[in-house]
Amino acid sequence: MHSDTPLTIYGEQFNSRLLIGSALYPSPEIMQHSLVASQAQIVTVSLRRQNSVSAGGDFWQLIKDTGLRVLPNTAGCHSVKEVVTLAQMCREVFATDWIKLELIGDEYNLQPDPIALLEATEILIKQGFKVLPYCTDDLVVCQRLADLGCEVLMPWGAPIGTGKGLLNPYNLKTIRERLPDHTLIVDAGLGLPSHAVQALELGYDAVLLNSAIAGAGCPVTMASAFNHAVIAGRAAYVAQAMPEKEVAAPSTPTMGMPFWHQN
């Protein structure tokens, strides 16, 4: 039986391999129930895009009441200056040096700006942040981010909110193979639990998603489904899949069978 290790993010260990967002839910109550059903231990929040007051209550207090590890993000930023300023605000509000770095370069598909992303990462790391950069599935960009000191990388599966799944498994697999010692999390574009299974089967350490749960017909049930999906995907990766074959091979051998069943 193959052993496994916990998910490790900047020295902290977690049992769940599902990171979940806190936006777009039909109500704060459904968000809370979804977080519980997901069994996630990390929740992402956006200081810029989410209202602090929701349904007459304090949204941030609702998040704190979950007891989950908070991962603030810089969603909605389009420049290095914006990102750095917002990251500093997040550190004050949430009392954490973790930051999910989002720096959008294209409004059509919300693709990260690779050049500005590298610049912002370098600045934030020098300021003591533990950066979790959201990037495309570009090997060279991931290598450069790793060289700057990022211990965690978050390449997309597909553009944010599309639900298309892993558009380029080859790229993701290559990143996994070339950066074996880094924590890799597929972030954005997942729509189905099967997409999460595929990401974990490729050797990714976790997945981060929001729309796939918040936009489901029943977010709570979908959150539970994704919880089971990451467990299954990771178990399959640890178990090591059988080798693929070009020709059929019988699953039942003829040795030990009655002679009338043998050719």
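Each residue in region 185-201 was checked for being out of contact with any helix residue (DSSP H, G or I) (no Cβ under 6 Å at 6 or more places or on another chain) and crowded, with 17+ Cβ neighbours inside 10 Å, and 8 of them qualify.
Kindly indicate whether Asn168 is within 17 Å of Asn210 (Cα to Cα), in contact (Cβ under 8 Å) with a residue 24 or more places away in the chain and out of contact with any helix residue (DSSP H, G or I) (no Cβ under 8 Å at 6 or more places or on another chain).
Working: within 17 Å of Asn210 (Cα to Cα): no; in contact (Cβ under 8 Å) with a residue 24 or more places away in the chain: yes; out of contact with any helix residue (DSSP H, G or I) (no Cβ under 8 Å at 6 or more places or on another chain): yes.
So Asn168 fails the test.
Against the definition (touching a Phe, Trp or Tyr at 6+ places or on another chain (Cβ under 7 Å) and among the acidic types (Asp, Glu)), how does Asp97 come out, yes or no? For Asp97, the condition - touching a Phe, Trp or Tyr at 6+ places or on another chain (Cβ under 7 Å) and among the acidic types (Asp, Glu) - is met. So, Leu86, is that one outside any loop (DSSP other than H, G, I, E, B), over 20 Å from the mean Cα position of the chain (by Cα) and among the hydrophobic types (A, V, I, L, M, F, W, C) or not? So Leu86 fits the description; yes.
Scanning region 231-263 for residues that are surrounded by 10 or more Cβ atoms within 10 Å (Cβ to Cβ) and modelled with pLDDT under 90 returns Thr254, Met257.
Only residues that are touching a residue at least 40 places away in the same chain (Cβ under 8 Å) and farther than 16 Å from Asn73 by Cα were counted across region 101-122, and they come to 1. Can we say Ile20 is closer than 17 Å to Arg91 by Cα, open to solvent by less than 60 Å² (accessible area, probe 1.4 Å) and either at pLDDT below 95 or β-branched (Val, Ile, Thr) (or both)? For Ile20, the condition - closer than 17 Å to Arg91 by Cα, open to solvent by less than 60 Å² (accessible area, probe 1.4 Å) and either at pLDDT below 95 or β-branched (Val, Ile, Thr) (or both) - is not met.
One residue alone among Ile99, Ile104 is closer than 21 Å to Pro155 by Cα, within 18 Å of the chain's Cα centre (by Cα) and at pLDDT below 95, and that residue is Ile104.
In the set (1) closer than 22 Å to Glu82 by Cα; (2) surrounded by fewer than 24 Cβ atoms within 10 Å (Cβ to Cβ); (3) in contact with a helix residue (DSSP H, G or I) (Cβ under 8 Å, 6 or more places away or on another chain), the condition left unmet by Pro159 is number (3). Within region 155-212, if we keep just the residues that are within 12 Å of the chain's Cα centre (by Cα) and among the charged types (D, E, K, R), the residue that is farthest from Val230 (Cα to Cα) turns out to be Asp187. Filtering region 10-31 to residues that are touching a residue at least 12 places away in the same chain (Cβ under 8 Å) and either charged (D, E, K, R) or part of a loop (DSSP other than H, G, I, E, B) (or both) leaves Tyr10, Glu12, Asn15, Ser16, Arg17, Ser22, Ala23, Leu24, Tyr25, Pro26, Ser27.
Glu12 - would you say it is acidic (Asp, Glu) and at pLDDT 95 or above? For Glu12, the condition - acidic (Asp, Glu) and at pLDDT 95 or above - is met. Within region 118-127, identify whether any single residue is surrounded by 15 or more Cβ atoms within 10 Å (Cβ to Cβ), modelled with pLDDT of 95 or more and small (Gly, Ala, Ser), and answer yes or no. Yes; the residues of region 118-127 include at least one that is surrounded by 15 or more Cβ atoms within 10 Å (Cβ to Cβ), modelled with pLDDT of 95 or more and small (Gly, Ala, Ser). If the condition is being open to solvent by 20 Å² or more (accessible area, probe 1.4 Å) and within 17 Å of Leu208 (Cβ to Cβ), then region 56-93 contributes Thr66, Leu68, Arg69, Val70.
The values are calculated or read from the model by the stated rules, or taken from the named source; none is laboratory data. Nothing here was measured: the structure is a model prediction, and the numbers come from that model. Neighbour counts run over all protein chains shown; Cβ positions are idealised from the backbone, glycine included. The accessibility values were calculated without ligands, DNA or RNA, using every heavy atom of the protein model including side chains. Shrake-Rupley method; radii C 1.70, N 1.55, O 1.52, S 1.80 Å.
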